[in-house]
Number of protein chains: 2
Amino acid sequence: MQDRARATRRSLLEAAACLFAQQGYAGTSVNDISARSGRTSGSIYFHYASKEGIALAVVHDGFATWPSLVTRYEDQSVPPLERLIALSHEIARALAEDSLTRAGARLWAERHAINVQLPDPFVLWTTAATRLLAQAHAGGQLAAGVRPAPTARTLVRAFFGFCTLTEALDGPQAVNGRLSDWWQLVLPSLQGGPRSGQAPARRAVLVRPSGTSPSEHKPLRR
Amino acid sequence: MQDRARATRRSLLEAAACLFAQQGYAGTSVNDISARSGRTSGSIYFHYASKEGIALAVVHDGFATWPSLVTRYEDQSVPPLERLIALSHEIARALAEDSLTRAGARLWAERHAINVQLPDPFVLWTTAATRLLAQAHAGGQLAAGVRPAPTARTLVRAFFGFCTLTEALDGPQAVNGRLSDWWQLVLPSLQGGPRSGQAPARRAVLVRPSGTSPSEHKPLRR
């Protein structure tokens with residue numbers, strides 16, 4: 001794709017993501033996207049056949065940020081459960097602040113009203129969580145009987161529900177602060193009781209892993 | 001209210017709940033509710049000023065089933081965490097099978113597209129969960145540091161997210177079967193490690209408490 005076409009698509013998707021996140025799919029028209037992006041409707045229809053096509057592109061654009069995001073949580077010197085917690089903080093922050101992530105979550109919630117099959121966004125999250133839990137399992141850091149794949153599936157669904165409901169009920173800025181409640185609810189189950197020579201389970205909840213404070217994160221957006 | 005008016009309202013709300021649950025709010029017209037209930041549109045507008053009014057009445061009707069539901073989980077001879085687990089199975093079943101509960105969940109998900117303030121359905125669930133956790137706490141059955149109110153808030157949000165996403169991704173019939181995954185993720189955290197003289201934490205997950213098999217439940221619907 002030529003640079004100019006790429007820049008046009010980028011500005012269209014950024015405008016569409018902001019609008020979908022704020023106003024929802026039904027509340028956003030192609031004219032709104034045109035006005036916000038400064039591109040003509042003709043240009044929008046040239047790049048995307050329909051509003052459904054734009055929604056799908058926004059979702060795929062969000063998915064495309066994942067490989068670089070997940071790569072940042074591969075530092076083997078940090079215990080895998082700590083990396084999982086740090087990743088959850090990054091996702092919660094993106095759900096509160098990043099237009100593309102917010103648009104993806106809202107489009108998913110409104111999927112019945114969108115005449116196109118939106119891909120399941122949880123596959124990527126679940127794959128990343130399974131990988132980290134498998135590393136924790138291999139390192140003897142999971143409680144007996146905790147199986148990485150089904151646990152990751154359950155964890156991701158419950159976590160997403162927790163984040164979206166906390167946002168809906170308490171506001172977007174509340175989510176990150178509530179994550180310690182979330183981890184207090186599940187981390188002891190993942191780790192099992194404290195064993196000799198190990199720090200208590202709760203410690204990893206309350207102490208943010210080094211190198212993962214918000215200011216040290218690259219933004220989720222490419 | 002006269003019996004006849006009450007019967008009309010009941011048939012309207014049952015029809016509306018089925019349609020909202022199946023087709024969503026935007027996909028359901030007052031004419032659809034008229035056709036399904038066998039009542040005229042005039043009758044509908046006589047009882048409810050608008051489609052928003054019907055949606056609100058469906059949500060309130062769902063809320064009204066709660067007191068009798070929760071009363072069934074007050075048997076002090078059953079440990080409170082077992083009652084919490086049994087209640088979760090009943091809620092999951094209602095989310096899969098009961099039109100009123102399904103309509104309430106779908107209307108909540110679509111609330112941005114409904115021009116009326118729908119009440120937060122999680123207050124009732126959280127109150128019930130807080131009460132059961134407080135009983136468990138008083139009986140020394142909670143792990144140290146587990147505070148009933150914030151834990152119930154977190155539990156309810158994550159549980160609802162888990163149920164709705166599992167339904168969306170795996171189908172309504174899958175939810176009840178996946179609840180053991182859910183409780184394996186959170187019950188050990190609630191109970192703490194097994195102590196001498198106590199059964200292992202996992203046991204309560206896998207064994208359904210006596211008297212709570214589906215066939216022994218009264219239906220959630222009044």
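Could you list, in sequence order, the residues of segment B:138-159 that are away from every other protein chain (no Cβ under 11 Å) and surrounded by 23 or more Cβ atoms within 10 Å (Cβ to Cβ)?
Of everything in segment B:138-159, nothing turns out to be away from every other protein chain (no Cβ under 11 Å) and surrounded by 23 or more Cβ atoms within 10 Å (Cβ to Cβ).
Across segment B:160-186, the qualifying residues are those that are in contact (Cβ under 8 Å) with a residue 40 or more places away in the chain and more than 7 Å from chain A (Cβ to nearest Cβ), and the one among them that is nearest to A:Val186 (Cα to Cα) is B:Trp183.
Can you spot a residue in segment A:22-41 that is within 14 Å of another protein chain (Cβ to nearest Cβ), open to solvent by less than 20 Å² (accessible area, probe 1.4 Å) and among the hydroxyl-bearing types (Ser, Thr, Tyr)? Yes; the residues of segment A:22-41 include at least one that is within 14 Å of another protein chain (Cβ to nearest Cβ), open to solvent by less than 20 Å² (accessible area, probe 1.4 Å) and among the hydroxyl-bearing types (Ser, Thr, Tyr). Being surrounded by fewer than 17 Cβ atoms within 10 Å (Cβ to Cβ) and under 23 Å from A:Val30 (Cα atoms) is a property that does not hold for A:Glu110. Counted as qualifying within segment B:1-99 are the helices (runs of 4 or more DSSP H) with 1 or more residues that are within 24 Å of the chain's Cα centre (by Cα), namely B:3-23, B:30-37, B:51-64, B:66-71, B:80-97. Across segment A:63-84, a minimum of one residue is classified as surrounded by 13 or more Cβ atoms within 10 Å (Cβ to Cβ), modelled with pLDDT under 95, away from every other protein chain (no Cβ under 14 Å) and within 16 Å of A:Val116 (Cβ to Cβ). Considering (1) assigned to a helix (DSSP H, G or I); (2) modelled with pLDDT under 95, the lone condition that B:Asn115 does not fulfil carries the number (1).
Please tell me if A:Ala199 is modelled with pLDDT under 50, more than 8 Å from every other protein chain (Cβ to nearest Cβ) and open to solvent by 30 Å² or more (accessible area, probe 1.4 Å). Spelling it out, A:Ala199 is indeed modelled with pLDDT under 50, more than 8 Å from every other protein chain (Cβ to nearest Cβ) and open to solvent by 30 Å² or more (accessible area, probe 1.4 Å).
Entry remark, segment A:90-103: residues being open to solvent by 20 Å² or more (accessible area, probe 1.4 Å) and away from chain B (no Cβ under 14 Å) number 5 in total. Of all residues in segment B:108-137, those that are farther than 24 Å from B:Arg72 by Cα and more than 10 Å from chain A (Cβ to nearest Cβ) have Cβ atoms under 8 Å from Cβ atoms of residues that are in a helix (DSSP H, G or I) and acidic (Asp, Glu), 6 or more apart or on another chain, in B:Ile114/B:Glu52; B:Asn115/B:Glu52; B:Val116/B:Glu52.
The values are calculated or read from the model by the stated rules, or taken from the named source; none is laboratory data. Please read these numbers as outputs of a predicted model, since none were measured by experiment. Cβ: placed from backbone, ideal geometry, glycine included. Neighbour counts: every protein chain shown. Ligands, DNA and RNA are excluded from the accessible area calculation, which covers all protein heavy atoms including side chains. Shrake-Rupley method; radii C 1.70, N 1.55, O 1.52, S 1.80 Å.
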